[in-house]
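The values are calculated or read from the model by the stated rules, or taken from the named source; none is laboratory data. All figures in this text were calculated on a predicted structure; none of them were measured in a lab. Neighbour counts are summed over all protein chains in view; Cβ atoms, including those assigned to glycine, are modelled from backbone coordinates with ideal geometry.
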Amino acid sequence: MIMICKDKNGKSLSSKEVLKKIIFRIQSILLELEVYILHLVSYIPIHCARRFYYRLAGMTIGKGSTIHTRATFYNPENIIIGEDTVIGEAAVLDGRAKLEIGNHVAMASEVMIFNSEHSIEDEDFKAITEPVIIEDYVFIGPRAIIMPGVKIGKGAVVAAAAAVTKDVPSYAIVGGVPAKIIGERKNKDLNYILGRARWFR
């Protein structure tokens, strides 16, 4: 008796394709388990303990940087955070493609950074992944959303609840949905230190 395997669209699969799908499914389950464990770790109320586990999972976190509680990560090994950067509570950091966050970046609560999205025109609704780069001294307000492929230039400011779908020039202030330039940061000589994060956050 020959067993015929089909994919979700009803296409018949060769034994090689079936094996490939099984391996991919196991990898996906392991990744989902890692994401869940990191979610549990995000509730530990001690910064250095969380950083230890995040680095163990493959994240690069620079000296003096802090990720506050309840953060969510996808593929942490692709996430690079510079020095003296603060990530607010309940942030979502997507590492399905490279996510690079610079030095002295201040990110408020519930910011979501995505570097993978589905193509609504593709017949299989396939995912598209593109890197996200956030340069030094950027400030991102609460509940802002950064979409795949975006680069935010040095010293730029993203207003609260903005949806950033295109590159942001250095020192620009953007806001709205989709985000548009609404001003410019006048101080171009940025050299401040964010410093110690609050305890138990």
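Conditions (1) under 30 Å from Tyr43 (Cα atoms); (2) out of contact with any strand residue (DSSP E or B) (no Cβ under 7 Å at 6 or more places or on another chain); (3) modelled with pLDDT under 95; (4) not small (Gly, Ala, Ser), marked per residue:
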residue	(1), (2), (3), (4)
Met112	yes, no, no, yes
Glu123	no, yes, yes, yes
Ile134	yes, no, no, yes
Arg143	yes, yes, no, yes
Asp167	no, no, no, yes
Val177	no, no, no, yes
Gly195	yes, yes, yes, no
Phe200	yes, yes, yes, yes
Subject >> Matching residues in the range 148-172 - criterion: being buried (at least 20 other Cβ atoms within 10 Å of the Cβ) and among the hydrophobic types (A, V, I, L, M, F, W, C) >> reply: Val150, Ile152, Ala156, Val157, Val158, Ala162, Val164, Val168, Ala172
**OP:** Would you mind telling me which numbered condition in (1) buried (at least 21 other Cβ atoms within 10 Å of the Cβ); (2) within 10 Å of the chain's Cα centre (by Cα); (3) outside any strand (DSSP E or B); (4) not aromatic (Phe, Trp, Tyr) Arg50 fails?
**Re:** (2)
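Those residues that are modelled with pLDDT of 90 or more and loosely packed, with under 15 Cβ neighbours inside 10 Å, I need them from the range 25-45; list them, please.
First, the residues of the range 25-45 that are modelled with pLDDT of 90 or more: 26, 29, 33, 36-45.
Of everything in the range 25-45, those that are modelled with pLDDT of 90 or more and loosely packed, with under 15 Cβ neighbours inside 10 Å turn out to be Ile26, Ile29, Leu33, Tyr36, Ile37, His39, Leu40, Tyr43, Ile44, Pro45.
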**OP:** Tell me, please, whether a residue that is over 14 Å from Val132 (Cα atoms) and either assigned to a loop (DSSP other than H, G, I, E, B) or not aliphatic (A, V, I, L, M) (or both) can be found in the range 90-99.
**Re:** yes
